[in-house]
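Working notes, beginning with the structure itself.
The values are calculated or read from the model by the stated rules, or taken from the named source; none is laboratory data. A quick note: this is a predicted structure, and the numbers were derived from the prediction, not measured. Backbone-built Cβ (ideal geometry, glycine too); neighbour counts: all protein chains shown.
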Amino acid sequence: MEKRNLIIAFALLAFAATLSFKVAARSNVALFWIIKNEVEKSPNSEVWKGAKKGELIYGGDYVRTLPKSFTLIKFNDSSTLRLGPESEVQVNGVDNPSNMFVNKGDVGFSMAKRKDKPFEFTTPTSVASIRGTQGILVVGLNNSDFLTIVEGLVSFVNNISHDSVNVGAGQTGVSSSNGGLIVHKSTEADLERLAQLNDQFGWKHELKIQFRGSDGQMHEIIIDTQK
């Protein structure tokens, strides 16, 4: 009887260990589709290792780009993110990313449409809730976050004041570390920042946006929006 009980006890321990391993295991949510120059990944933001094209990104992983470096990250649902130089993010989620914390840098995005819970970008200052759209989030520029949208509609919230606005196509939301939150028509500088980032990846599809400049004349800027 004692021998039988001992066997059962070992079997239960082995089963529990298997369950613990499954719970602890992280699922891959994305991969590095394109890497230019030095890009690094870390499971804990402490130990960083060089990333390679095709390498998987797991829920909770941190990614950062070094100076003059770029990377295109592709999610399991075919959404894409483009990180500019000196950007740092954390990708969270199971099977598919649910949110991304952006500590700093430029993040261009083309998000697949979501019927249920939106994808969220969070920063030290703001939260942007996205159900499917294209644009760029610039974090930490002059102590503010700049959200420029070229397609779709995004809810933009300032974490300090808790004010919220909707940012639509052709608009830029500015969320400041002092609690300020405004929306204005995207300027040429706002749109050019996205165009320069997309240009690093050779995106071919074009979005044409017309706007009136300070000289009173109509101008047109062409933005690559899809690979």
Just give me the residues in the stretch 113-137 being over 24 Å from N76 (Cα atoms) and touching a Phe, Trp or Tyr at 6+ places or on another chain (Cβ under 8 Å), in sequence order. S126
If you go through the stretch 121-131 one residue at a time, how many are farther than 22 Å from K185 by Cβ and modelled with pLDDT under 95? 1
Starting from the stretch 172-191, take each residue that is within 11 Å of N143 (Cβ to Cβ) and without any contact (Cβ under 8 Å) to a residue 40 or more places away in the chain and list its partners that are assigned to a strand (DSSP E or B) and β-branched (V, I, T), counting only C-beta distances under 6 angstrom and pairs at least six apart or across chains. V174/I182
Pairs, first in contact (Cβ under 8 Å) with a residue 40 or more places away in the chain in the stretch 63-77, second buried (at least 16 other Cβ atoms within 10 Å of the Cβ) and assigned to a loop (DSSP other than H, G, I, E, B), C-beta under 6 Å, six or more apart: T65/P85; T65/S87; F70/Q200; L72/F201
Within the stretch 82-94, work out how many residues are more than 9 Å from the chain's Cα centre (by Cα), in contact (Cβ under 8 Å) with a residue 24 or more places away in the chain and over 21 Å from N44 (Cβ atoms). 1
In the stretch 143-165, the residues that are farther than 12 Å from T133 by Cβ and either crowded, with 18+ Cβ neighbours inside 10 Å or hydrophobic (A, V, I, L, M, F, W, C) (or both): S144, D145, F146, V157, N158, I160, V165
Would you pick out the residues in the stretch 144-168 that are of a type outside the set (D, E, K, R), at pLDDT 95 or above and outside any strand (DSSP E or B)? N159, I160, S161, H162
